[in-house]
Amino acid sequence: MRALAGSTALERVPERDRLEPSWTGAWLALTKPRIALLVALAALVGAMLAAGPGARLAPSLEAALWIACVAAASSVFNQVLERDTDRLMERTASRPLVTGRLRVRDAILFGALLAAAGTAALALRFNALAALLALATLAAYALVYTPLKRVSTLNTVVGALPGAMPPLLGFVALAGAPSGWAWFLFAVLFAWQFPHFMAIAWLYRADYARAGLRMLPCLPGSRGLAGRQALYHSLALLPVSLWPAARGEAGAVYAACALALGLAYIGFSVGFALRETPARARALLLCSLVYLPALFAAVLLDPAVHAALATTTP
């Protein structure tokens, strides 16, 4: 849940936060709504796959809502814990806790209420495993990944684990346990985050260095490292994304889309690896933001996926 948040993944979408003119806008900024929306989308896809073709949409939407609440809570706690470093970075200097628009005590209470509402609803409306996994994801993001950013560049790997959780959480909420597509999409999100974040970390490397955060592009002698890491992981993502088609759980529609999207991601990563420039980093970042919704759409629109689910869903 950087995405419950991940990054994974999700927390890594670049921000240029500005003070909102309204009181409600300041509270909304605490939740990082763009990240919460992406988390909700990923969780919705996982839930719909667990529910199977022909199932009512309402339960999947409800599960995605509560998972997004937990993601929003993790974003609130992240801003509480990082308010001192946020103050040192241009892109986060206008966040509500940095400027004093909102009080830290109130933010902690707000985050706790969101976390409690999300986990309690998952437990009562769906199942205990979904609630426990959501809570564990929040803890991994806020209590492990967030402080690790000051200590080690391994924070990127650690943060990618909670960042990959939303579709698995959605799947577990509806199915009761992870299987098949839950693991496929978890693996896709895990690999997807690295090129996405390397582009962001390179673009904002001066900000991260100023705040003392340990990101690869900030290290001495790190020239070219972000581009190479982006390329390695985009190459790894391609076979991971084609895994469902190889196993017969997806058909030609999904396979063609996954192949085209994967090759595009590799192409932009190659460009960034060959020459690290702001234009190429932004191009890679844009490609990453197109990749996930397009891949999710391919999953849901592939008739072969529906046929396979029909034979396995009770």
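General observations
- Per-residue extension of 0.36 nm, minus the Cα-Cα distance of VAL290 and SER152, leaves a gain of 46.7 nm for this segment.
- Note on semi-axes √(5λ) of the Cα gyration tensor in Å: of the candidates (1) 34, 29, 16; (2) 36, 21, 19; (3) 30, 26, 14, the value calculated from this structure sits at (3).
- Highest average first, the peptides 148-160, 104-116 ordered by how many other beta carbon atoms sit within 10 Å of their residues are 148-160, 104-116.
- Selection from THR137, SER75, ALA107, by position along the positive dipole direction of the stretch 55-167 (Cβ): ALA107
- The stretch 207-311 - charge dipole about Cα centre, Lys and Arg +1 at Cβ, Asp and Glu -1, debye rounded to 20: 480 debye
- In the context of the full set of protein chains, residues of the chain present 41 Å² of accessible surface per residue (probe radius 1.4 Å, heavy atoms only).
- Once both labels are positioned 7 Å from their Cα atoms along Cα-to-Cβ, the gap between ARG34 and ALA177 label points is 4.0 nm.
- Length available on full extension from THR311 to THR99: 0.36 nm per residue minus the Cα-Cα distance, which gives 70.8 nm.
- Taking a ≥ b ≥ c as the square roots of the Cα gyration tensor eigenvalues, the stretch 79-224 comes out oblate, since a/c reaches at least 1.5 and a/b does not exceed b/c.
- In terms of packing, defined here as the mean over residues of other Cβ atoms within 10 angstrom, the peptides 197-204, 76-83 line up highest first as 197-204, 76-83.
- Sorting the segments 164-170, 274-280, 227-233, 88-94 by their mean number of nearby beta carbons within 10 angstrom, highest to lowest, gives 164-170, 227-233, 88-94, 274-280.
- Per-atom-type breakdown for the chain gives carbon and sulfur 69% of the accessible area (1.4 Å probe, protein chains only).
- Taking Cα centre as origin and charging only the Cβ of basic (Lys, Arg, +1) and acidic (Asp, Glu, -1) residues, the dipole magnitude of the chain rounds to 780 debye.
- For the stretch 99-161 and the stretch 238-269, distance of Cα centres in Å: 31 Å
- Segment LEU263..ALA279, full-extension length gain: 3.8 nm, with 0.36 nm per residue of separation and the alpha-carbon distance subtracted.
The values are calculated or read from the model by the stated rules, or taken from the named source; none is laboratory data. Predicted, not measured: the structure shown is a model, and the values here were computed from it. Backbone-built Cβ (ideal geometry, glycine too); neighbour counts: all protein chains shown. Side chains included, ligands, DNA and RNA excluded: accessible areas come from the protein's heavy atoms. Shrake-Rupley method; radii C 1.70, N 1.55, O 1.52, S 1.80 Å.
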